Amino acid sequence: MNNYFRNHIRTMASYVPSEQPQPGLEIIKLNSNENPYPPSPVVLDLLKNINGEWLRRYPEPLGGEFRRAASKVLGVPHDWIIVGNGSDEVLNLVVRTCAEPGRKVVYPIPTYVLYVTLVQIQGAEIIEIPYGEDDRFPLEELITADGNVTFIASPNSPSGCIVPMKDLRKLASRLSGVLVIDEAYVDFAQENALALVKEYDNVIVVRTLSKGYSLAGLRLGFGVANPGLLDGLFKVKDSYNIDAIACALGAAAMTDQAYKNACVAKVKASRTKLAADLKQLGFQVGDSQTNFLFVQPPQENAQFLYQRLKERQILVRYFPHPGLDHKLRITVGTDQQNQVLVEALRQICS
């Protein structure tokens, strides 16, 4: 076959998402960090009454309805918000806008594995800086690397830990490039970094409606940054990247903060209970400010447990990568789902 592809594409590995079972299968799905509860009733009611005119016409190019709703909730001007087809698109826009051969993209590892894929597509230089012992944030090393783009997932995946605000503030003040704070799991955390976008014009905070708002299937995320930083991203994004239905449903979800917060509270309570149950089975369980737990089985047989659980129609996430292959990432489900998981682990381990 002829070589149709750029060198960067030919040599890179594809990003591998978590397993998605066929619809209708009786699966307890705890591998993709989806919210176990349905979206807001306000969202579902709107979905039942979709206006056909929304489909006939092109949507608002900038997702204006969602920007206005998010602006009210977050307390930032609407023109400080860019809307994406999931937060992954916003991450991609930053890389496409700011990274190229000869420019550096820096991030601590382990972290969200999509970062490396996005950077490889652009052919930029990748600098990965390991977290220290006990998930110590490598602040000084990141400052020294001084990337044209620096990605920080906080809370981080797969560890579940959060980066202290004082470290993020110092990092923002010392970097000459763009600091991307990926807050996909922030709804389950004790603090957030949104204030930094008003303090530093090189900071963009990226969020999603996939986790806290139970809208992973909708594909809607957004970034918040100074309009001067967003200007470059708007030049790169597709003209109509957000469809009209996603924009309307996302706006409705943002307005129902009470429902979202109630679901988050249930997840956090279940997270505490699941962590305690797993510790009783001998698992090492790291502190988490997300809707998942990153755990080490007592016999470090993570791949074996992943396979045995899958045979029982329970999916968890196993990472076949050095440094991660002795652990499992387990999404917090409903209390009933969590108990099925714990009982299955008890039987397998014994």
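The values are calculated or read from the model by the stated rules, or taken from the named source; none is laboratory data. Everything quoted here is computed from the prediction, not taken from an experiment. All Cβ positions, even for glycine, are placed from backbone atoms using ideal geometry, and neighbour counts span all protein chains on display. Accessible surface is based on the protein model in full, side chains and every heavy atom, while ligands, DNA and RNA are left aside. Shrake-Rupley method; radii C 1.70, N 1.55, O 1.52, S 1.80 Å.
Ratio of Rg to Rh for segment 8-102: 1.03 [Cα atoms; Kirkwood radius as inverse mean 1/r over pairs]. Once the chain from N49 to Q190 is taken as fully extended at 0.36 nm per residue, the excess over their C-alpha distance is 47.1 nm. In angstrom, the C-alpha Rg and Dmax of the chain are 20.4, 59. With springs only between Cα atoms under 10 Å apart, run a GNM on the chain and tell me which of G64, G177, G217 wobbles the most. Most flexible of the set in this elastic network: G217.
Comparing R329, R219, R174 in a Gaussian network model of the chain, where Cα atoms under 10 Å apart are tied by springs, the biggest mean-square fluctuation is seen for R174. Fully extending the segment from K273 to E19 would add 88.9 nm, taking 0.36 nm per residue of separation and subtracting the current Cα-Cα distance.
A simple charge model with +1 on the Cβ of Lys and Arg, -1 on the Cβ of Asp and Glu and nothing else charged puts the dipole of segment 18-66 at about 140 debye relative to its Cα centre. Each of V116, A189, G64 was scored by the projection of its Cα onto the charge dipole of the chain, and the greatest displacement toward the positive side belongs to G64; charges sit on the C-beta of Lys, Arg, Asp and Glu.
If you place +1 on the Cβ of every Lys and Arg, -1 on the Cβ of every Asp and Glu, and leave all else neutral, what size is the dipole of segment 1-111 about its Cα centre, to the nearest 20 Debye?
Dipole magnitude for segment 1-111 comes out near 400 debye.
Each eigenvalue of the Cα gyration tensor of segment 246-350, multiplied by 5 and square-rooted, gives one semi-axis; in descending order these are 29, 15, 13 Å. Evaluated with a Cβ-only charge set (Lys, Arg +1; Asp, Glu -1), the chain carries a dipole of roughly 400 debye about its Cα centre, given to the nearest 20.
Summary of packing: across the peptides 249-257, 55-63, the per-residue average of other C-beta atoms within 10 Å ranks them, highest first, as 249-257, 55-63. I need the Kirkwood Rh of segment 113-216: take the reciprocal of the average 1/r across all distinct C-alpha pairs and report it in angstrom. Radius from the Kirkwood sum: 14.4 Å.
Computed with a 1.4 Å probe over protein heavy atoms only, the accessible surface of the chain comes to 46 Å² per residue. Convex hull volume of the C-alpha atoms in segment 171-287, normalised per residue: 143 Å³. Within segment 9-94, list the chymotrypsin sites (Phe, Trp or Tyr not before Pro) lying in a DSSP loop whose Cβ has at most 16 other Cβ atoms in a 10 Å radius. Qualifying residues, ordered by number: Y15. Of all beta bridges that DSSP places with both ends in the chain, some 45 percent have antiparallel geometry. Springs between Cα atoms under 10 Å define the GNM used for the chain, and in it the highest mean-square fluctuation of G232, G212, G221 occurs at G232.
Select from segment 1-51 those trypsin sites (Lys or Arg not before Pro) which occupy a DSSP coil region and have at most 13 other Cβ atoms within 10 Å, ordered by residue number. Kindly include the intermediate steps, with their values, before the conclusion.
Numbers: sites: R6, R10, K29, K48; in loops: R6.
Answer in residue order: R6.
Across the accessible surface of segment 3-158, with the other protein chains kept in place and a 1.4 Å probe, carbon and sulfur atoms take up 52 percent.
On full extension, the segment bounded by C349 and E125 gains 76.3 nm, given 0.36 nm per residue less the C-alpha separation.
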